[in-house]
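> Here it is: the structure, laid out below.
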Amino acid sequence: MNAMPPLNLNDVDPDDIGRNPTSGPSFEEIVEARLSRRSLFKAGVGTATSAMLGTMALSACGGGGGGTAAAAAPSTPPTPIQPASINLSFNPVAKSLADMVTVPAGYTASVLYRLGDPIAASVAAYANDGSDAAATYALRAGDHHDGMEYFGLGANNQYDKNAASRGLLCMNHEAITPAFLHPTGQTISGTGLAMARTVAEEVMKEFFVHGVSVIEVNRGANGAWSYKQDSAFNRRVHTLTEMDLAGPAARAPGMVTKFSPTGSRTRGTVNNCAHGYTPWYTYLTCEENWAGYFRRVSVAANPTATPPVIASGDNLVRTAKEIASFNRYGVNGSGRELWATVTPDTADNLYGRWNAEKRGTSADGSDDYRNVANTYGWVVEIDPFNPSSVPKKRTALGRMGHEGAWLGPVVAGQPLVWYMGDDSQNEYIYKYVSDAVWDPADATRGTAAGDKYLDNGKLYAAKFNADGTGTWLELRFGINNITTSYAGYAFADQADVLINARHAADAAGATKMDRPEWAGVNPANGEVYVTLTNNSSRRIDNTDPANPRFYDNTTTSGQVTRGNRNGHVIRMAESAGVAGTSMRWDVYLFGARENTAAAANISKLTASNDFSSPDGLWFSNATPGLLWLQTDDGAYTDVTNCMMMAAVPGRVGDGGAVTVTNTNTAVSPPATATQATFAGAAATNNTLRRFLVGPKECEITGITESPDGKAIFVNIQHPGESTAPNFSTNTFGSYWPYSTDATATADVSVANNRRRPRSATIVITKNDGGKVGV
Ligand code: FEO
Ligand code: CA
Ligand code: CA
């Protein structure tokens, strides 16, 4: 790959960066919490303790180490016991570094939809050598497949929840591996801040391969799945697609751009990571690392650059509030992929709109794109059943690095809830609760129903207390320190709060988490699971019970990294319904190497189920109680490629309390700290089992199922991403999905276009036609 500009984010995991400068709890608070918990353990959780737990509504945490606490009266009805347990029926897959997808014996994985595959009859097959014209990509599969959802498609072309052989598959295309999209990678001139893209055709191609696919998929008479290339439902939504801004922040002063002087519209969506859906059968796509795409040279000076940059930096002409907002979200770079550098710009600023600097002279920003970054960072609603519908960015759900938005229990007469993670180091877990209560008659109203449920509601951020309780802090102007006088950011109104939701959650005092990724709601009991993938910035003196680990992660080659390098999964049980502000929580699972020290391998993982960096997390609906976990890892990749696990979880509190001992061996003598937490039951081969290992240098992300549970769809993202390609020898870090095709891989000539790796969706079925996993 070409050398990238110094401020570019391509060379690091864009999630694995911290933008949260606010201070956590004081050291005294942490020590106090630890001491109180330790004394609890020392007491053996006896009678005196149970009374204490009872007042904290902790009775469900009473299993195992909870002792007699289980007898304490709960303040809310107990969580329903899980239905009859299910059995994982497959033999676990071994860890692997092979360049292939491995699934258990008795299962078949087939490739369904690859980068560049055409989604209209008029579009040619993908050349896969960088030669395809940019314009054709408007009707090709995008890159970096991520979150996705299957919507059953009935014979009447309407949603049918039972349509298990025909559906609309909606999926995100999060980002790109640019090297493989062009003949020999991106064409870039200049150095430093003068680096510029010189081939507009390449950039236009990149505009199209981000975003969302909607494709019709069918199961044939032979049981094999395929996508329908000429379906009228097929659609691409990408960075050029015009969208409405909806909800309280629409038309706010901060949304004004040259494209939309009223602040009511924007163009495109980008870095669509995970997703969600609505009970009216629309798709939610979530904008995660959007900030890096915008160019804003905040303080650097480079007067000789071409194109010229503001010599002293954009910060000189921005307000303190604007700068505080840019800093909190990370809009301070040269622009990932350098899209803003193409010259000449088009009349409608297709390239220049990626520059968030103040270039115009207007007072309100209606003559430039100084506010454009405020039109990204949202949950975007798309109606897959109406290919001409205009996507809507739902601002009531807040602006952040949205991983996804996962729907909670849907009950007539009750509000709707979506749980959301903001994936960056030390960011927060959120929930959105609709003001309107669910009326099943709205299920056929498409985005009009979205106007009702997604534009008016309450946004909350989670605070995890050391005693196993938690609080949802409402992010509303005027309360919880979210006022004009908050020191970190002087809020003006609720639109300002939503555009700057990270600042609002800071003000309210939410708990800084180890990078919240996917969430999932257990259909068996409504409990909410969130993956906390890892956090290299977690330090021994700022662990807390919900993010309790700081430890050494030592690879087999001896490299040592510190922090929470293998991640964990936290879960919550609402104590007062989905609209309530209290909950209980525990840690369901800790990632670790099987052979690591017991202090790190808290969940007692073994060869059949050890993993690192959980990211994708998804509950089956067809098989209630079956949970899938997917990894996006860089800490265990000396031993194995990324993977997918099947799990049968219990419920909050089923493992009792454990004490985590952290050791910092970087100092001498090693510093130790003891951290209390609640942990789920230790994993066993019956409750957690490895189901799939992916090809080289990929991430496993995105999973959905046919309604009968007999097919699951899984995405293989960016195989071969980490190794710099050699286009002279046609040598790449992965050759998947061709890697197991001897004919394709035998020809090493540069003319062989069946060597470049491609992100793709695969379908996994059980050879006996049964449900997957059980
Ligand atoms: Fe796009 Fe946080 O993963
Ligand atoms: Ca992810
Ligand atoms: Ca990730």
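The values are calculated or read from the model by the stated rules, or taken from the named source; none is laboratory data. Please read all numbers here as calculations on a predicted model, not as lab measurements. We place every Cβ from the backbone using ideal geometry, glycine too, and count neighbours over all the protein chains shown. Surface accessibility is based on the protein's heavy atoms, side chains included, excluding ligands, DNA and RNA. Shrake-Rupley method; radii C 1.70, N 1.55, O 1.52, S 1.80 Å.
> Subtract the Cα-Cα distance of Thr444 and Ser122 from 0.36 nm times their separation in residues, and report this length gain in nm to one decimal.
Values: separation 322, 0.36 × 322 = 115.92 nm, distance 3.20 nm.
My answer for the length gained is 112.7 nm.
> Apply 1/(1 + (r/R0)^6) to the Cβ-Cβ distance of Ser89 and Asn218, taking R0 = 25 Å, and write down the FRET efficiency to the nearest 0.05.
Details: r = 27 Å, r/R0 = 1.08.
So the FRET efficiency works out to roughly 0.40.
> Among DSSP bridges having both ends in the chain, what percentage is antiparallel? Round to the nearest 5. Write down the numbers at each step before the final one.
On the way: 128 of 136 bridges.
Antiparallel: roughly 95 percent of the beta bridges in the chain.
> With no solvent and one equal point scatterer per Cα, compute the Debye intensity ratio I(q)/I(0) for the chain at 0.05, 0.07 Å⁻¹ and report its log10, rounded to two decimals.
With no solvent term, the Cα-only Debye profile gives -0.23, -0.47.
> Still on this structure: For Ala597 paired with Asn542, estimate the spin-label separation in nm (one decimal), with each label point 7 Å from Cα along the Cα-to-Cβ line.
Each label point is offset 7 Å from its Cα along the Cβ direction, giving 2.3 nm.
> Give me the percent of accessible area attributable to carbon and sulfur for region 625-742, probe 1.4 angstrom. Each step should come with its number before you reach the end.
Working: 1630 of 3370 Å².
Using a 1.4 Å probe with all protein chains present, region 625-742 comes out at 48 percent carbon and sulfur.
> Find which of Phe678, Gly650, Val667 sits farthest along the positive direction of the dipole of region 614-695, computed with +1 on the beta-carbon of Lys and Arg, -1 on that of Asp and Glu, about the Cα centre.
The listed residue farthest towards the positive side: Gly650.
> Keeping the other protein chains in place, figure out the carbon and sulfur percent of the accessible area of region 379-433, with a 1.4 Å probe. Don't jump to the answer; show the numbers that get you there.
Details: 480 of 930 Å².
So the carbon and sulfur contribution to the accessible surface is 52 percent.
> Do any of Lys258/Lys358; Lys161/Lys771; Lys392/Lys710; Lys392/Lys463 go past 23 Å between their Cα atoms, and which?
In this structure, Lys392/Lys710; Lys392/Lys463 lie more than 23 Å apart at Cα.
> Report in % the part of the accessible area of region 167-297 that belongs to carbon and sulfur, leaving out ligands and nucleic acids; probe 1.4 Å. Please report the intermediate quantities before stating the final value.
Working: 1810 of 3340 Å².
Accessible surface attributable to carbon and sulfur in region 167-297 totals 54 percent.
> Per-residue counts of other Cβ atoms within 10 Å, averaged by peptide: what ranking do you get for 730-737, 121-128, highest first? Before the final figure, lay out each step's value.
Details: 730-737: 22.2, 121-128: 14.1.
Descending mean neighbour count gives 730-737, 121-128.
> Using R₀ = 51 Å, calculate the FRET efficiency as 1/(1 + (r/R₀)^6) where r is the Cβ-Cβ separation of Ala487 and Thr672; round to 0.05. It would help to have the intermediate numbers written out before the result.
Working: r = 35 Å, r/R0 = 0.68.
Efficiency computed from Cβ-Cβ geometry: 0.90.
> Next question, about the same structure. What whole number of Å gives the distance from the Cα centroid of region 551-616 to the Cα centroid of region 189-247?
Each part reduced to its Cα centre gives a spacing of 34 Å.
> Might you tell me the accessible area per residue for the chain, computed with a 1.4 Å probe and given in Å²? Walk me through the numbers on the way to the answer.
On the way: 25530 Å² over 774 residues.
Spelled out: the 1.4 Å probe surface of the chain, per residue, equals 33 Å².
> Between Asn767 and Asp348, take the C-beta separation as r, use R0 = 56 Å, and let me know the FRET efficiency to the nearest 0.05. Walk me through the numbers on the way to the answer.
On the way: r = 53 Å, r/R0 = 0.94.
So, using R0 = 56 Å, E works out to roughly 0.60.
> I would also like to ask the following. Taking 0.36 nm per residue of sequence separation and subtracting the Cα-Cα distance, how much length would be gained by fully extending the chain between Ser110 and Ala576, in nm to one decimal? Can you show the working numbers first?
Details: separation 466, 0.36 × 466 = 167.76 nm, distance 4.41 nm.
Extra length from Ser110 to Ala576 when fully extended: 163.4 nm.
> Please report, to two decimal places, log10 I(q)/I(0) for region 463-560 at q = 0.25 Å⁻¹ as given by the Debye formula with identical point scatterers on the Cα atoms and no solvent.
-1.23
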